[in-house]
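The values are calculated or read from the model by the stated rules, or taken from the named source; none is laboratory data. Given the structure is predicted, the values throughout are model-derived calculations rather than measurements. Glycine gets a Cβ as well: all are built from the backbone with ideal geometry, and neighbour counts include every protein chain shown. The area values use the complete protein model at the heavy-atom level, side chains included, leaving out ligands, DNA and RNA. Shrake-Rupley method; radii C 1.70, N 1.55, O 1.52, S 1.80 Å.
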Amino acid sequence: MLEKLIKGFLEYSKIANFADKSNESLKTRLKEFKKYIQQTPANNIEDITYHHLREFIGGYKSPSEHVRKQRIWSLHQFYHYLELKDLVEENIAQSIPYPKIEKKVPEYLTVEEYNVLLKYFNDRAGDYKGMRDLVIIMLLGLLGLRLRSVVFLDVEDIDIEAGLLWIKEKGRKERPVIIPGVLCNVLIKYLKVHGEDEGALFLSKRGKRISPRTVQDILREASLSIGIEKHLHAHLFRHTAATQLNRVSGPEIIQHVLGHMWRKNTDQYTHLNPEEYAVYMRLHPYMKGDMR
């Protein structure tokens, strides 16, 4: 019975415009839920209690805080669906609170470190592959694009004349971002080398759209060649772009550039601006050395 309900919900989530990553998470967590319930005396959905949900969330296979959070979200969605379809009398998952996860200040590249990377890729931009990799590193570090968004860019998404780039985001949404002038200049050169008016913006050796793994390999090779201590990954560049934007703009601009639907998702990137802090401390009345 539970398996049938879960299958129906997962089919519903696919046509309800859930993001692909969200659908994968729902499938994984509800599969775990089914396995947990099979170990209990509950035979149908009516037998499942609030206690069962809490025990699954926090006790089944010693989950991390992030897994617990995913389980709660999955049960919220699943039971909301069951309530909409009149398959349960009460949404027992509705009142389950999310765990409080301590937020850490994201690691990011300094201006000097990012400039070293730009020089590394610029020095190798003498052919198609080199130009491609340079554009990728600029899109990641200047605009903070998600890796998936970079990989799925098409030539048609670029409007050099208007200075705009159309980004495909989670949930099958699209949004425009302004292309910095320095990136526009590089894109003009790259598009000439690319030679196509449509199709994938970034191609592999075989002429196919590159994969996220290809970008990860590019970053790994650069890291080994330069000897940079920080682990290079797409989100590190996203943090870097947000940090640099935070130096010159407010959270609303950062939220738009990063493509966050909710302001709270942006707040993790708007950590302490060192320049503003230094100015504040110089002006602070108790930093003058006396009590007058």
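At a glance:
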item	result
Cα pair distances in the stretch 79-178, grouped into 10 Å bins until the bin that holds the longest one, percent each	12, 26, 26, 16, 13, 7, 1
Separation of the residue 129 and residue 115 label points, Cα + 7 Å toward Cβ, nm	2.9
Gyration tensor verdict on the stretch 125-226 (Cα atoms; rounded if a/c is under 1.5, prolate if a/b is larger than b/c, oblate otherwise)	rounded
The stretch 125-224 - charge dipole about Cα centre, Lys and Arg +1 at Cβ, Asp and Glu -1, debye rounded to 20	540
Extension gain from residue 208 to residue 96, taking 0.36 nm per residue of separation minus the Cα-Cα distance	35.8 nm
Length added when fully stretched, residue 157-residue 27, from 0.36 nm per residue minus Cα-Cα	43.6 nm
Anchor residue 61: aspartates and glutamates whose Cα lies under 16 Å away (excluding residues fewer than 8 positions away in-chain)	32
Order by protection proxy (mean Cβ within 10 Å, highest first), peptides 133-144, 78-89	133-144, 78-89
Distance between the stretch 10-88 and the stretch 150-192 - C-alpha centres, whole angstrom	38
Estimated FRET transfer efficiency (residue 230, residue 69; beta-carbon r; R0 22 Å; 0.05)	0.25
Principal axis dimensions, largest first and in whole angstrom, of the stretch 54-111 by Cα	56, 26, 16
Pairwise label distance in nanometres, residue 89 with residue 196, each label 7 Å out on the Cα-Cβ vector	5.9
With all protein chains modelled, accessible area of residue 62 [1.4 Å, Å²]	110
Cross-link pairs beyond the 31 Å C-alpha cut-off, checked among 21/85; 21/100; 14/230; 7/205	14/230; 7/205
Rough spin-label spacing in nm, given labels placed 7 Å along Cα→Cβ, for residue 11 and residue 188	5.4
Cα-derived Rg to Rh of the stretch 129-172, Kirkwood definition	0.95
Segment residue 49-residue 216, length gained on full extension (0.36 nm per residue, minus Cα span)	55.7 nm
